[in-house]
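The values are calculated or read from the model by the stated rules, or taken from the named source; none is laboratory data. The shown structure was predicted, so the numbers you read here are calculated from the model rather than taken from an experiment. All Cβ positions, even for glycine, are placed from backbone atoms using ideal geometry, and neighbour counts span all protein chains on display.
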Amino acid sequence: MKDEEMEFLQEQLEATELLPCASCQQETLHAHVEVLERYAHATEFLMECTACGTRRSWMLLETAE
Ligand SMILES: [Zn+2]
C-alpha cells in the first residue's frame with residue numbers, strides 16, 4: 001500500500017461523519033472504527049454512532065481523477 005493511501009485512511013479514521021443512524025432515527029456523528037474493505041475507487045468503513053454506539057458500514061467513494 002502506498003504512503004498516500006495510508007495517509008488517506010489515517011485521515012478518514014480520525015474524522016467523523018454525519019450519517020443517518022437507525023437507532024437514533026436521525027443524522028448523528030459517526031466515528032470511524034475500522035476499514036472493512038478497500039475497493040478500486042471506494043473504501044468501506046465500519047462506523048459507530050457517537051450518540052448511541054450503534055455500528056453500521058459506510059461506503060466512501062473516492063473522487064475520480
Ligand atoms: Zn445512534
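Residue count for the range 16-35 under the criterion of being surrounded by 11 or more Cβ atoms within 10 Å (Cβ to Cβ) and of a type in the set (Gly, Ala, Ser): the result is 2.
Only one of Thr43, Thr54, Thr28 is at pLDDT below 95 and among the hydroxyl-bearing types (Ser, Thr, Tyr); which?
Values: Thr54 fails: at pLDDT below 95; Thr28 fails: at pLDDT below 95.
That would be Thr43, the only listed residue that is at pLDDT below 95 and among the hydroxyl-bearing types (Ser, Thr, Tyr).
Among residues belonging to the range 41-53 that are within 10 Å of the chain's Cα centre (by Cα) and within 16 Å of Leu9 (Cα to Cα), point out the one that is surrounded by the fewest Cβ atoms within 10 Å (Cβ to Cβ). Among those residues, the one meeting the criterion is Glu44. Total residues in the range 13-22 satisfying the condition of being under 9 Å from the mean Cα position of the chain (by Cα) and part of a helix (DSSP H, G or I): the figure is 1. From the list Arg38, Arg56, the one residue that fits, being surrounded by 11 or more Cβ atoms within 10 Å (Cβ to Cβ) and under 13 Å from Phe8 (Cα atoms), is Arg38. Of the residues making up the range 26-65, just one is in contact with a helix residue (DSSP H, G or I) (Cβ under 8 Å, 6 or more places away or on another chain) and aromatic (Phe, Trp, Tyr), namely Phe45.
Residue-wise test of (1) in a loop (DSSP other than H, G, I, E, B); (2) within 10 Å of the ligand (Cβ to nearest atom); (3) charged (D, E, K, R).
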position: Glu5; (1), (2), (3): no, no, yes
position: Phe8; (1), (2), (3): no, no, no
position: Glu11; (1), (2), (3): no, no, yes
position: Cys24; (1), (2), (3): yes, yes, no
position: Glu37; (1), (2), (3): no, no, yes
position: Leu46; (1), (2), (3): no, no, no
position: Gly53; (1), (2), (3): yes, yes, no
position: Trp58; (1), (2), (3): no, no, no
